[in-house]
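The values are calculated or read from the model by the stated rules, or taken from the named source; none is laboratory data. It should be emphasised that the depicted structure is a prediction, and the values quoted were computed from it without experimental measurement. Glycine also receives a Cβ, built like all others from the backbone with ideal geometry; neighbour counts cover every protein chain displayed.
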Amino acid sequence: MTLKHRGRDWIGLRLSVISNRYTYPLYAAIERDHGLLRDEAAVIVCLSFGDGATAQDIVGYTARPKNTISRAVRKLEAAGLIRRHGDSSDARASRLYLTEHGLALFRRIRAYYFERDKKVIGALTASEQREFDRLLVKIADVSKTWI
């Protein structure tokens with residue numbers, strides 16, 4: 001028996017299935033090839049968007065648990081892949097930055113994400129890809145209010 005669902009129902013289930021198909025092979029390959037766990041890779045990728053994010057910024061963006069992001073930050077810092085500096089506007093927070101080694105690692109792992117992205121959009125026309133991107137941004141923006 002092949003499980004198959006078509007139609008407008010069960011959007012969350014279908015998103016979850018697609019997410020699993022995207023993320024499990026992605027993070028398994030990154031862990032196998034670079035020794036990074038999912039949240040460690042997420043921290044590195046988030047810091048590539050622009051230096052100076054806090055761990056709380058990363059938690060807010062990724063919707064990952066605070067304790068796993070904090071653990072990832074400590075491990076990456078100990079490995080010399082990120083560094084932290086005090087936040088001048090909030091004494092309790094630290095700003096996080098990729099080191100040269102962290103940036104070099106990001107450059108290696110981003111290819112894994114690009115390959116997975118090609119699989120996601122490969123069945124879409126150029127017009128559909130633009131529309132898909134527009135809709136993802138719209139849904140991602142509103143999803144911040146769901147938690």
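The sole residue among Leu47, Leu15, Leu26 that is over 18 Å from Ala79 (Cα atoms), in contact (Cβ under 8 Å) with a residue 24 or more places away in the chain and in a helix (DSSP H, G or I) is Leu26. Would you call Arg71 at pLDDT 95 or above and within 30 Å of Gly12 (Cα to Cα)? When the stated conditions are applied, Arg71 passes them.
Could you go through segment 100-108 and let me know if any residue there is over 18 Å from the mean Cα position of the chain (by Cα) and either in a strand (DSSP E or B) or at pLDDT 95 or above (or both). Checked segment 100-108: at least one residue is over 18 Å from the mean Cα position of the chain (by Cα) and either in a strand (DSSP E or B) or at pLDDT 95 or above (or both).
Quick check on Lys138: is it closer than 30 Å to Arg14 by Cα, modelled with pLDDT of 95 or more and either more than 17 Å from the chain's Cα centre (by Cα) or not in a loop (DSSP other than H, G, I, E, B) (or both)? Yes; evaluated as a whole, the condition is true for this residue. For segment 91-131, a tally of residues being over 21 Å from Tyr24 (Cβ atoms) and without any contact (Cβ under 8 Å) to a residue 24 or more places away in the chain returns 15.
Among the residues of segment 77-88, is any at pLDDT 95 or above, assigned to a helix (DSSP H, G or I) and out of contact with any Ser or Thr (no Cβ under 6 Å at 6 or more places or on another chain)? Yes, segment 77-88 contains a residue that is at pLDDT 95 or above, assigned to a helix (DSSP H, G or I) and out of contact with any Ser or Thr (no Cβ under 6 Å at 6 or more places or on another chain).
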